[in-house]
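The values are calculated or read from the model by the stated rules, or taken from the named source; none is laboratory data. This structure is a prediction, so every number in the text was calculated from the model and none was measured. Positions of Cβ are generated from backbone atoms using ideal geometry, with glycine treated the same way; all protein chains shown enter the neighbour counts. Areas reflect the complete protein model, heavy atoms only, side chains present, ligands, DNA and RNA absent. Shrake-Rupley method; radii C 1.70, N 1.55, O 1.52, S 1.80 Å.
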Amino acid sequence: MQNNPAAKTPQASKITVAQLMQPEHANNLGNVHGGWIMKLVDEAGALACMRHCQRRVVTVFIDQMEFHQPIRIGDLVTLTAEVTYIGRTSIEAEIKVTAEDPTTGEQVHTNTAYVVYVALDDERRPTEVPPIRASTPEEQAKLDAGKKRQTERLARRK
């Protein structure tokens, strides 16, 4: 673990966003459109990254997004996002999505996504981001997994 006093923990940037799914979010099958969930995922991840670096960010990469369960109209969708990797100017966020039937309280994990953003300075150029440090073994495991994902992404680009 880093011992840099300027480093932030993943917990410091963690955010939760919840939204009730309405008929305008439905696809032609009556489920919530996957594109709508992707939009929410991107926004939640960006918010966590902006909270970490206190800068605007832009999306540069979305890992594979697989939907395990449908989300229905009337479900409360909750997205929890936290920073899981820091590069020089790039930041990865893990976004977990759950759907809840608010009348029964039944919750289901629908998907998890990893999205990479780049921090921008005031002239909209990439800028360095603050370091990150784990405060628990679980956080360290997530940071290690994030570093591995980034290494794999870079290897695929070559």
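Which of these, 51, 124, 72, has the largest mean-square fluctuation under a Gaussian network model of the chain (Cα springs below 10 Å)?
Looking only at 51, 124, 72, the largest GNM fluctuation is found for 124.
So what's the stretch 62-133 giving for Rg/Rh, alpha carbon basis, Kirkwood Rh from the mean inverse pair distance?
Here Rg/Rh amounts to 1.13.
Among 90, 103, 70, flag the residue with its Cα farthest along the positive direction of the charge dipole of the stretch 58-104, charges on Cβ as +1 for Lys/Arg and -1 for Asp/Glu.
After comparing all options, I get 90.
Put 158, 14 in order of accessible area, largest first, 1.4 Å probe: what do you get?
Descending accessible area places them as 158, 14.
Per residue, how much accessible area does the stretch 85-158 show when a 1.4 Å probe rolls over the protein heavy atoms, in square angstrom?
On a per-residue basis, the stretch 85-158 sits at 58 Å².
Using a 1.4 Å probe on the protein heavy atoms only, what accessible surface does residue 75 show? Give it in Å² to the nearest 10.
20 Å²
Determine the share of the stretch 1-154's accessible area contributed by carbon and sulfur atoms, expressed in whole percent, with a 1.4 angstrom probe.
50 percent
Can you give me the three principal axis dimensions of the stretch 8-73 from its C-alpha atoms, in Å, biggest first?
On the principal axes, the stretch 8-73 reaches 43, 23, 20 Å in Cα extent.
Excluding residues on the same chain fewer than 8 positions from residue 96, give the lysines whose Cα lies under 26 Å from its Cα.
8, 14, 39, 142, 147, 148
Using the C-alpha gyration tensor of the chain, what are the square roots of 5 times its eigenvalues, in whole angstrom, with the largest one first?
Gyration-tensor ellipsoid for the chain: 29, 17, 15 Å.
DSSP loop chymotrypsin sites (Phe, Trp or Tyr not before Pro) in the stretch 1-95 with at most 15 other Cβ atoms within 10 Å of their Cβ, which ones?
In loop regions of the stretch 1-95 (DSSP not H, G, I, E or B), the sparsely surrounded chymotrypsin sites (Phe, Trp or Tyr not before Pro) are 67.
To the nearest 0.05, how large is the calculated FRET efficiency for residue 6 and residue 69 if R₀ is 41 Å and r is the Cβ-Cβ distance?
So, using R0 = 41 Å, E works out to roughly 0.55.
Less than 14 Å Cβ to Cβ from residue 103, Lys/Arg counted +1 and Asp/Glu -1: what total charge do the surrounding residues give?
So the surrounding residues net to -3.
Would you mind telling me which residue in 127, 89, 136 has the biggest mean-square fluctuation in a Gaussian network model of the chain, where springs connect alpha carbons within a distance under 10 angstrom?
The residue with the greatest mean-square fluctuation here is 136.
Treating the beta-carbon of each Lys and Arg as +1 and of each Asp and Glu as -1, no other charges, what is the dipole magnitude of the chain about its Cα centre, to the nearest 20 debye?
760 debye
Taking the Cα atoms of the stretch 91-147 alone, what are Rg (to one decimal) and Dmax (as a whole number) in Å?
Computed over the Cα atoms of the stretch 91-147, radius of gyration and Dmax are 16.3, 49 Å.
May I ask you to rank 21, 38 by accessible area, largest first, using a 1.4 Å probe over the protein chains only?
38, 21
So how far apart, in nm, are the two label points at residue 128 and residue 20 if each is 7 Å from Cα heading toward Cβ?
The two pseudo-label positions are separated by 4.7 nm.
From the backbone phi of the stretch 151-158, what are the Karplus-calculated ³J(HN,Hα) couplings (6.51 cos²θ - 1.76 cosθ + 1.60, θ = phi - 60°) in whole Hz, Gly and Pro given as x?
Couplings: 4, 5, 4, 5, 5, 5, 6, 7 Hz.
Pull out the extension gain between residue 108 and residue 120, defined as 0.36 nm times the separation in residues minus the alpha carbon to alpha carbon distance; nm, one decimal.
0.8 nm
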